[in-house]
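The values are calculated or read from the model by the stated rules, or taken from the named source; none is laboratory data. The structure displayed is predicted, hence computed values, not measured ones. Using ideal geometry, Cβ is built from the backbone for each residue, glycine included, and neighbour counts are taken over all protein chains shown.
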Amino acid sequence: MYYDAVVSGSERIVCVFSEEILEPGERVKISLRGEKIKCYVLRESSPKGEVFRVKERDGKSFLKEEHVKLAEWVSRRFGSPLGSVFDQFFPGGIDDYKTEMVVSQSPLLDFQKLPMSEFLKTRGEEVLKEMLKKGLVRIEKDFYLREPKPRQKRRVYLKRPLSGIMREPLTFKQKLVVEYLQFNDGVLLRELLEDLGISRSVIDSLIEKGIVEVIIQDVSPKRVISLRKKFEGRISRINLFFGPTGSGKTEALFDLVGEHSKKGVVLFLVPEVPILTHTLSRLKGIFPDLNIGIFHSYLSKARKNLEWYKAFEGKVDVLLGTRSAVFVPVNKLSLIIVDEEHDESFYQYTSPSYDAVAVARKISELFDVPLVLSSATPSLGSYKDAKEGKIKLFTFSRNCKSMSVEVIDMRKEEKIGSFALKTLNRIEETLENGRRVLVYVRRKGYWGRIQCESCGYVLKCRDCDVSLVYHKEKNALKCHQCGREYEVLETCPVCGGRLYGRIGGTEKVEKELQKFFPDKKVKRVDREVVEDIMEMEDYIDDLTAGEIDILVGTKMITKSFNVPEVGLVCVLDVDSLVFLPDFSASLRTFQLIVQALGRASRNEEGRAILQTYNPDESVIMRAVDEDIEGFYEEELERRRLLGYPPYKHLIHIALKTKDPSLGKRLLLTLKERLRNGEVLGPSEHWIFKLKGLYRYHLLIKTDTPEESVSEVSKLSRVLGLDTVVWVDPPSLEIPD
């Protein structure tokens, strides 16, 4: 029989022949240029062109027909190679755990399925050949992963009160264990080690400190944590949970997990690993009897494959994961949850590009399972759909009083360094009351720009069209795009004038606060000091424990975490973000401010300060007032008039060249041949030069994104253009 199949990692469709019936989505191997190449079966076909004989097959498909439709849709919608999209369904290295199985085709045989090695050992190769010839058995490949054997039920308990433990000097992993046990005291030792990805030595060190104890105990202890209130609404197929931080959205999501895990597997997506770890701890505390799997990029290869296998077999009740988990072929899917659905982390810029929230919506449609999107600041598309009744809206309101937010007009206030005097006074008051302070700064480094006071020349990277950032600790100039470092100059290379620093970053703010409050513990967290996002948990623990009084950081400190000890949040630098030449600048600024201020809204005493030179900007005023609906209605009207998402789809096309003028000429040629949609550009990107390449881009506004993507793809091939395409991206940034 003949089938269409797509080659792994590519767009190439080939015709394959197999004497056995193949299933949609099944993985097969063919010989191409002397190599065995993996392909995915699409559908039955007729012979055409060069036909490739199947040399090897899985013997069954690990995907359903709906997964094949999903992959084809993702490929069409986002312009991603179909073979690369299919690759997303399987974790890397899964074939290392593949084994051949002998499957019975006759009710007269005394087995249903046996590993090949076991069959050959007991019956021999000749018997296998004879049975295959008569059709009594067939060979299929399966993933055989050994799950840990049950051992003595050793359970881990906190031995001392949490308040006393927090005063102990603990490592990051030790604190991770303590936080986990805060929600799951008495958890099985094996589960704890697996969930946190730590070794037994971490537990042994805590035992030595007298912080935890391990007890052999068969009976699962009763949990004291429960949901604050039950969710009594009835969800539709697609739903939006909309409400401010602390309004009970998470509790409602957990209630749905409890209900739908009885019917099948719940897929629970979060944007980043630190949020996943905290969500896992809470879920396990509330639902101790549920089998919760996790899936994210920081897992070891063996663990990632095991979690995938368990989800595929339906051996979990909940699969909790980040963006890539949306492609796991979960068995008996009953509900999809996307928490913080607005977060840009759900969009994958690298090939194959896709939006995990859009993919989740398509899965909900293809498999007919309900989807719940949740956010305090939802995407404009979700908000618009909810207001128009296309998806069901559930509105949550905060029970406690709104936080107190003070806007400081930096044009009028007395300033000391990066701060208004009034801001420093508020910080001092907060610290005197024994509470913590968060300070958001947009930029890293000490000075964001080094400029000549005589001629105005700005020091820039030789390979990138960006200003160099001065790092005082290293006494070096650094390009934050390519990472290249330069020696510090004393005078201007153009006129010999004096150089001075402008636009302070996190390092400068940290040094100033250490000077202003010498007896307080001030720490900084940005990508210069935190390479692994998991390290962020360490800083959160220190903040909770009082090991940090003031935490200075970039966007990562605005992410969803709960530290009730925070009494004040200061937002220092959002003005430059408002005026970025990007259609999404207002929305991203609004969401950032609301999310940042939300760190102060976990209790009635929360306060926040926003320093700005543009206090009358609508986006700032509405964010400070938490007027989410007012801002969204205003932003929707602006986008409707301009024809931007969610009223039109936006195709962003970029081209990188070594010749600064060639890129524009090539994109102009492409533009002249485009017939679908309204085309804007081409123009230089605001970061024109990056890593030695010059970047031009153009935009297409269209009602038919799949047609536009197909047209761009065909024309790019004809013209020989190496374009990169993103569909409905969160912003117009071009990743390096």
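Taking Lys362 as the residue in question, decide whether it is assigned to a loop (DSSP other than H, G, I, E, B) and either in contact with a Phe, Trp or Tyr (Cβ under 7 Å, 6 or more places away or on another chain) or over 30 Å from Leu267 (Cβ atoms) (or both). When the stated conditions are applied, Lys362 does not pass them. All of (1) modelled with pLDDT of 85 or more; (2) surrounded by 22 or more Cβ atoms within 10 Å (Cβ to Cβ); (3) part of a helix (DSSP H, G or I) hold for Gly630 with one exception: (2). Restricting attention to region 582-638, the residues that are of a type in the set (Phe, Trp, Tyr) and within 23 Å of the chain's Cα centre (by Cα) add up to 2.
Being touching a Phe, Trp or Tyr at 6+ places or on another chain (Cβ under 8 Å), of a type in the set (A, V, I, L, M) and not assigned by TED's automatic domain parsing to the domain that holds Val574 holds for only one residue in Leu693, Leu655, Leu719, and it is Leu655. Does region 641-662 contain at least one residue that is part of a helix (DSSP H, G or I) and crowded, with 18+ Cβ neighbours inside 10 Å? No, that holds for no residue. Checked against (1) without any contact (Cβ under 8 Å) to a residue 40 or more places away in the chain; (2) farther than 16 Å from Gly445 by Cβ, Gly497 meets all criteria but (1). The condition (being under 18 Å from the mean Cα position of the chain (by Cα) and at pLDDT below 95) is satisfied by just one residue among Glu413, Glu344: Glu344. Every listed requirement among (1) touching a residue at least 40 places away in the same chain (Cβ under 8 Å); (2) surrounded by fewer than 20 Cβ atoms within 10 Å (Cβ to Cβ) is met by Asp541 save one, (2). Answer with yes or no whether Lys559 is under 18 Å from Trp447 (Cα atoms) and charged (D, E, K, R). No; evaluated as a whole, the condition is false for this residue. Of the strands (runs of 3 or more DSSP E) lying entirely inside region 370-431, none contains at least 3 residues that are touching a Gly at 6+ places or on another chain (Cβ under 6 Å).
Filtering Ile336, Ile275 for residues that are at pLDDT below 95 and not in a loop (DSSP other than H, G, I, E, B) leaves a single hit, Ile275. Regarding region 66-76, can at least one residue be identified that is under 30 Å from Pro115 (Cα atoms), at pLDDT 95 or above and not aliphatic (A, V, I, L, M)? Yes - at least one qualifying residue is present in region 66-76.
Looking across region 38-96, just one residue is in contact with a Cys (Cβ under 8 Å, 6 or more places away or on another chain) and at positive phi, and that is Gly49.
So Phe517 clears everything in (1) within 18 Å of Arg443 (Cβ to Cβ); (2) in contact (Cβ under 8 Å) with a residue 60 or more places away in the chain; (3) buried (at least 16 other Cβ atoms within 10 Å of the Cβ) except one condition, right? Which one? Every listed condition holds for Phe517 apart from (1). Taking the stated definitions as given, is Arg43 at pLDDT 95 or above and under 24 Å from the mean Cα position of the chain (by Cα)? When the stated conditions are applied, Arg43 does not pass them.
This table checks each residue for (1) assigned to a strand (DSSP E or B); (2) closer than 30 Å to Leu380 by Cα; (3) assigned by TED's automatic domain parsing to the domain that holds Leu181; (4) in contact with a Leu (Cβ under 9 Å, 6 or more places away or on another chain).
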| residue | (1), (2), (3), (4) |
| --- | --- |
| Ser247 | no, yes, no, no |
| Lys263 | no, no, no, yes |
| Pro271 | no, yes, no, no |
| Ile294 | yes, yes, no, yes |
| Leu319 | yes, yes, no, yes |
